[in-house]
Structures are given as structure tokens and as C-alpha cells.
Amino acid sequence: MAEVLAHRGCAVCVLASGDPFFHGVGSLLSRHVSCAETLAVPAPSAFSLAAARLLWPLPQTILLSLCGRSLDFIRPHLHPGARILILTSDHDAPAKLARLLCDIGFGLSRVTVLESLAGPRERMRSSPANSFDIEAIDPLNTVAIEVAEEDGARILPRAAGLADELFEHDGQITKREIRALTLSALAPRRGELLWDVGAGCGSVAIEWLLADVSLSAIAIERRSDRVARIRRNAAAFGVPNLSLIEGSAPAALEGLASPDAVFIGGGATTPGMIDAAQSALRPAGRLIVNAVALETEIVLLKYQSQWGGSLTRIAISRAGPIGGEDARMTGWRPAMPVQQWTWVKR
């Protein structure tokens, strides 16, 4: 990029392959040069060419670029009946995608490899993922997937409050119903950054990222085993871009980018924790603190009386058998109530 910009004022031609304005060099150039000094001459994109070959309507097709990116980004889009077009970066990617589909219960999906589109070596070959046998693939390829699920496929619903069983955790997890209400209170908006402090298994940060591709999040966790677990969960949910900080807050918060929202799921009683979060928040930023222990509730009452905001008490009960192993009756078993403080920085 420096070499191109060094010729500013001269007539410079940049020849780009692929789709330069879809995770390509065009997007990078646009950060440095204005449209007033640029003439872009587009060719049909790989997506348009692939859709034309397959007769797929683009508005109903998921478009992804996995060039130089983790294949895990496909995971949130794997829903039965979905059609996905993927830009890849090498000849091995189609086989790797087929293996990933098989590993998480989508082996029945049809994988079509479209090579060297609009060129003299163009060809199109298809195979089910669970018997993928396409070889000698041109590095310049686009992959089309028609998603079909098997029993037990890992399908990630679009709603907040994903099932606890989908996460790997050691019991340190914001439970499903509480998590849905927490995400609602955090109110993610396009392009925003979340701090998930005392992240546990990372469930809140992961669901924040799933809400929109423009969002970013930093999970702060002091235990190394939990940091490793968060990393595995992030990959399994298709958000490997989750940033991880291993360390104890509030010291671990120093130097991080200013957040638009902060969630404190643990450690709110640590001296200086809430103050650090309030100070770091951008204007109109949201701070959400969940409390289960009475000691934490006392802290939240103090801050709410001083700073305002709203307090909500969340009580969940689940039906379960009563009367021993041979029970034939069902009753309500209450979970520990959660007190939630929501505060917006003015």
C-alpha cells in the first residue's frame, strides 16, 4: 500500500483479482484514497459468476469470504436449507470445509467447487460432504454449499439465550434465560465493542458477537483454563475473532480500547472494578452487572443509590420430578435469583 500511495498524483493502475470490494484490496485502498481521485472498473464478481452458473438468487444466498480467515466463521450460517457461497484462498479449502461439515453434523450437505470462473480453465464439480472426493482443485475457487443436516447437527439458533448445553463450561456460565435478558440490556448496536469482565466460559461475549458481524468483544478472565475454554467455545460458535485477555480486573482493563458496553458477571465486589468500568465507558455506554451473592447485591444497591440506573430481580423456576427416584409428580424448582443493575453513562 505504501508503494501505491507513494505515486499519488501520477496515473497508477492497480489490477486486483477476485472481488476487490469484498474483503479485498479495494476495501483497503478506499481507506487511503477518495472516490474523487479513483476510477474503479469492476468485473463480474465471483459471487455473481457462481450464482449465474448455479441459478441461485443472490439475495437469498449467504456470501462469505474465508480468504485468510478461519473456516469456523461458517458455523453460525449452517441452517438446514441454507445456500452459501464462499470465497476461499487455496486448493485445500474445499476439502477442509467438507470435513468441518461432517464433524458437526452436516455431512449430507452438497459441496460444489467452482474453479477459475470466467477463465479458460473453468469447471464445476459437486460432491456430498460426507464422501467428498474432488481432487486437483484450482487454487482460484469458489465453494457453494447446500446445507443439509443429520441427526444431532450443531445448529445455532438466531435468538439470544442459546442452550447452556451448546457451551463447554465448568458451571461458571450465565444461564440461558439470564443471558437472554442480559443481552437485551446490553443492547448491542452496529460497530460496538463489549468488555465481558469475569467471562467464565465466554457465553455473553460470544452471543454479543453473534448478534452482528460488525460487533467486537474482549473477554477478560483470570483463570488460564477458562481462557482456553473460551477460545474453544468461540471457535465452536463461529466467532474466533473474540479477543481474550488473561488477567485479573480491574488491572487487566488498563490500556484496552474504550468499550460501548461492559458486562460484569463476576468480581463486582473487587475494589475499583465498577469504578473502572464506569470510567472506561464511552458516552451513552451501558454497564450491566449481575449479582447472585448477597454481598454483591449490597454493592449494587450502593451504586444504584449513588449513580441511578435500574435494578431488576430475575427469578427463574424450572419444572422437575419430586418425591425421589420413583417420583411420578412434578414441581417447580427455583434457581438462585439474580439481581441485575443497568446503568447508562450520560
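The values are calculated or read from the model by the stated rules, or taken from the named source; none is laboratory data. Predicted, not measured: the structure shown is a model, and the values here were computed from it. Because the Cβ atoms are built from the backbone with ideal geometry, glycine has one as well, and the counts that use them run over all protein chains shown. Protein only, heavy atoms only, side chains kept; ligands, DNA and RNA dropped before computing areas. Shrake-Rupley method; radii C 1.70, N 1.55, O 1.52, S 1.80 Å.
If you filter the range 123-152 down to residues that are among the aliphatic types (A, V, I, L, M) and outside any loop (DSSP other than H, G, I, E, B), you find that the one that is farthest from S48 (Cα to Cα) is A129. For the range 274-346, the strands (runs of 3 or more DSSP E) that sit wholly inside it and include 2 or more residues that are at pLDDT 95 or above and closer than 29 Å to A257 by Cα are 286-291, 310-314, 338-344. Within the range 293-309, does at least one residue satisfy the condition of being touching a residue at least 60 places away in the same chain (Cβ under 8 Å), open to solvent by less than 80 Å² (accessible area, probe 1.4 Å) and over 19 Å from R222 (Cβ atoms)? Looking through the range 293-309, none of the residues is touching a residue at least 60 places away in the same chain (Cβ under 8 Å), open to solvent by less than 80 Å² (accessible area, probe 1.4 Å) and over 19 Å from R222 (Cβ atoms).
The set of residues in the range 190-217 that are among the hydrophobic types (A, V, I, L, M, F, W, C), crowded, with 22+ Cβ neighbours inside 10 Å and more than 11 Å from the chain's Cα centre (by Cα) comprises L194, W195, V197, A199, C201.
Filtered by the rule that a residue be touching a residue at least 24 places away in the same chain (Cβ under 8 Å), assigned to a loop (DSSP other than H, G, I, E, B) and either closer than 30 Å to R121 by Cβ or open to solvent by 40 Å² or more (accessible area, probe 1.4 Å) (or both), the range 159-179 gives A160, E168, H169, D170, Q172, K175.
What do you reckon, is A199 modelled with pLDDT of 95 or more, in contact with an Asp or Glu (Cβ under 6 Å, 6 or more places away or on another chain) and not in a strand (DSSP E or B)? Step through it out loud before you land on a result.
Numbers: modelled with pLDDT of 95 or more: yes; in contact with an Asp or Glu (Cβ under 6 Å, 6 or more places away or on another chain): yes; not in a strand (DSSP E or B): yes.
Yes; evaluated as a whole, the condition is true for this residue.
Within the range 31-50, residues that are open to solvent by less than 50 Å² (accessible area, probe 1.4 Å) reach partners that are hydroxyl-bearing (S, T, Y) and not in a loop (DSSP other than H, G, I, E, B) with beta carbons closer than 8 Å, at six or more positions or on different chains, in the pairs A46/T142; F47/T142; L49/T142; A50/T142.
Would a scan of the range 61-70 turn up a residue that is surrounded by 15 or more Cβ atoms within 10 Å (Cβ to Cβ), touching a residue at least 60 places away in the same chain (Cβ under 8 Å) and either at positive phi or of a type in the set (D, E, K, R) (or both)? Before you say what the answer is, go through the steps one by one.
The first filter runs over the range 61-70 and keeps only residues surrounded by 15 or more Cβ atoms within 10 Å (Cβ to Cβ), leaving 61-67, 69.
Applying the additional criterion that residues be touching a residue at least 60 places away in the same chain (Cβ under 8 Å) yields none.
No: the range 61-70 contains no residue that is surrounded by 15 or more Cβ atoms within 10 Å (Cβ to Cβ), touching a residue at least 60 places away in the same chain (Cβ under 8 Å) and either at positive phi or of a type in the set (D, E, K, R) (or both).
Please determine whether any residue of the range 253-271 is modelled with pLDDT of 95 or more, surrounded by fewer than 14 Cβ atoms within 10 Å (Cβ to Cβ) and assigned to a helix (DSSP H, G or I). Within the range 253-271, not a single residue is modelled with pLDDT of 95 or more, surrounded by fewer than 14 Cβ atoms within 10 Å (Cβ to Cβ) and assigned to a helix (DSSP H, G or I).
Residues in the range 103-120 that are open to solvent by 50 Å² or more (accessible area, probe 1.4 Å) and either more than 20 Å from L156 (Cβ to Cβ) or of a type in the set (A, V, I, L, M, F, W, C) (or both): L108, R110, A118, P120.
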